[in-house]
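Below is one structure; the comments refer to it alone.
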Amino acid sequence: MSRNRDLETRTLLDELRSFDKGCLFDLGHPFLNRVAESFVKAAGIGAIQAVSREAYFAAVEGVIDHFIAFVTRTRVVDSGGLPPEISGSKKHRFPGLKGETNSKSLEALVKNTGKESVQWGLAAGMYSGLTYGLKEARGTHDWKNSAVAGAITGMALALTSDGSSHEQIVQSAITGAAISTTANLLAGIF
C-alpha cells in the first residue's frame, strides 16, 4: 500500500530526477546501455525543440499577419514597403510547413520532427559511445577524449545536414571539439 501512495504523490520533478539514478535500458553491456539511453533522451529533447520552434514560427507569423492586416486597413504604410521580417517572406526551418492547418502541414511537421529527433539521438548516442570507448581504451576521461568525441560527432552531424560542404564539415568538427572540451573543463566548476 505504501508503494502505491509513493507512486501517486510523485511529481514531474521527481520523475525527471529519477532519470539520473537508474538507466532506462539493460542491454547487457554498459556501452550499449549508455548509447541507447543517450539516444532516447536526446531524441526526446530534439522532438520537443523542433515542435517548439515551429510553434514559435507559427505564432510569430500569426502576429505578423494581424499586424499587416491592421497596417493595410489603416493605410499607414503601403504593403510594398514592408521589410521581409514583417511581410512574412522568411525562410522556414521546415520547408514543408506553410502555416496551413491541413494534413500536409501536419505530415511535414511529424516528418521533420522525426528527422530532427533521430539526428539529436544519433549525435548524443555517438558522443556518449565515443567518450565511453575512449575512456575504456585510454584508462582516463579527460579533455582529450572530449575533444576527439566532439570533433567526430560534429563531423557526423554536418554530414547529415543537406548540402554540407567541406568547410561546413571542418567547422562543425572544430565547434564540436571546442564545445565538448569546454564542457569537460567546466564540469568540475559547477
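What follows is calculated from the coordinates using simple rules that are stated; it is not laboratory data. Being a predicted model, the structure only gives us computed values, none of them experimental. We place every Cβ from the backbone using ideal geometry, glycine too, and count neighbours over all the protein chains shown.
A few remarks follow.
- Stretch gain in nm, segment residue 189-residue 52, where the contour uses 0.36 nm per residue and the Cα spacing is subtracted: 46.2 nm
- Separation of the residue 174 and residue 32 label points, Cα + 7 Å toward Cβ, nm: 4.0 nm
- The range 141-189: C-alpha gyration tensor shape, a/c 1.5 cut-off, then a/b vs b/c: prolate
- FRET E, pair residue 25, residue 160, Förster distance 22 Å, beta-carbon r, rounded to 0.05: 0.40
- For the range 101-190, the list of trypsin sites (Lys or Arg not before Pro) that fall in a loop by DSSP and count at most 15 other C-beta atoms within 10 angstrom is empty.
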